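First the structure, in the form of structure tokens, and then the observations on it.
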Amino acid sequence: MSDSQLALPGMLTDGAVEWVWCEESEDVTDETRFVHRAVMTDEVIFALSPRPGGVYLDATLGAGGHTAAILEVPDTRVIAFDRDAEAVAAAGKLRAAHPERLTVVHSVFSHAQEELARLGIERVDGVCADLGVSSPQLDDGSRGMSFRREGPLDMRMDRTSEETAESLIARLSDDGLADVLYTLGDEHRSRRIARSIKRALDEGDLRTTLDLRRAIVRAVGPVRVGGVDPATRSFQALRIAVNRELDELATLLATFPRLLTPGGVVAVLSFHSLEDRLVKRALADKHTWAPLWKKPRIATDEETAYNPRARSAKLRAARLVPGVSGGIPPAFEEP
């Protein structure tokens, strides 16, 4: 057996042991916790075209890759948001290097307009948002976002918020949980999976991420060789629901016209179809936005070779038509 595999016994009806691939990594420390390679940095910077003296909003700081690239342009200023306190803390070195030019805000990006006003900033010259879950969040088992690492059923990006994946599962009925899995994960076996998860909860067998994966596999069977892990869609759905990611994104998209100076640019990286659909719809209004290109940009083969998580990224960018003030579309309702 390889050291990079993890045994989950009792999953198959014939008594065999299922082996689940786990990523090999070094121990996570405070210094390495937010080492993360930003996706499509060159393309994002090309879209924003930062100018000296410009003010830019990075709605998703993460490990600071996009922010650092903007700050390479002399005299630029960046206001960077992140709901994850660990990402904010990890930005200490970047702030120390640019004390007058970088402001980091611990907040959800849906509060961008209010937080910018508090800082005395009415408009910015460009906005970038990388909507993907960062590698440090996935690789740290204590965050509970990955079915490949055992950890608590947490999944919160902001660990000061109240609802965890465990409390969400406990709160929802079987049908409510199935609706979350289907709507936010496009999981067509949602009813069967939801029943299995709730049964595990009732029996006291749902305490960790691997317990959750076991419940999913019991409902739909193990992963086939070369196939997508059966827990992938369900974990995605629960994470989106816990963090209300689509509501947050809808609010941010609605505020873009009020955040940007005339001719300002937005560049948004999405990683699954629900996000991309919202971004595409928001930027489709020709009276408000002038797209920088017709189709979304995707990562190059070279980038995906050294950063596999870039494979699903789509970058959409558009310039605000002068004279526009935006309205607020309906938010995406999540359970």
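If you count, for each residue, the other Cβ atoms within 10 Å and average over each peptide, how do 227-239, 283-295 line up from highest to lowest? All intermediate terms of the calculation are to be shown ahead of the outcome.
Numbers: 227-239: 20.5, 283-295: 13.6.
Descending packing order for the listed peptides: 227-239, 283-295.
How far apart, in nanometres, would the label points at residue 174 and residue 311 be if each is projected 7 angstrom from Cα along the Cα-to-Cβ direction?
About 3.5 nm, to one decimal.
Give me the dipole magnitude in Debye, nearest 20, for region 230-292 about the Cα centre, with unit charges on the beta carbon: positive for Lys and Arg, negative for Asp and Glu.
Computed charge dipole of region 230-292: roughly 100 debye.
Provide the packing ranking of 184-194, 301-311, 170-180, 107-117, i.e. peptides ordered by the mean count of other C-beta atoms within 10 Å per residue, highest first.
Numbers: 184-194: 20.3, 301-311: 13.5, 170-180: 16.7, 107-117: 18.3.
Result, highest mean first: 184-194, 107-117, 170-180, 301-311.
Quick check: residue separation of residue 304 and residue 203 times 0.36 nm, minus the Cα distance between them. What number comes out in nm?
32.2 nm
For a protection proxy built on the mean count of beta-carbon atoms within 10 angstrom, sort 160-166, 206-212, 315-321 highest first, please.
315-321, 206-212, 160-166
Read the figures in this text as sums done on the coordinates, not as results from a lab. In this text, all values refer to a predicted model and were calculated from it rather than measured experimentally. Ideal geometry is used to build each Cβ from the backbone, glycine not excepted, and the neighbour counts take in all protein chains shown.
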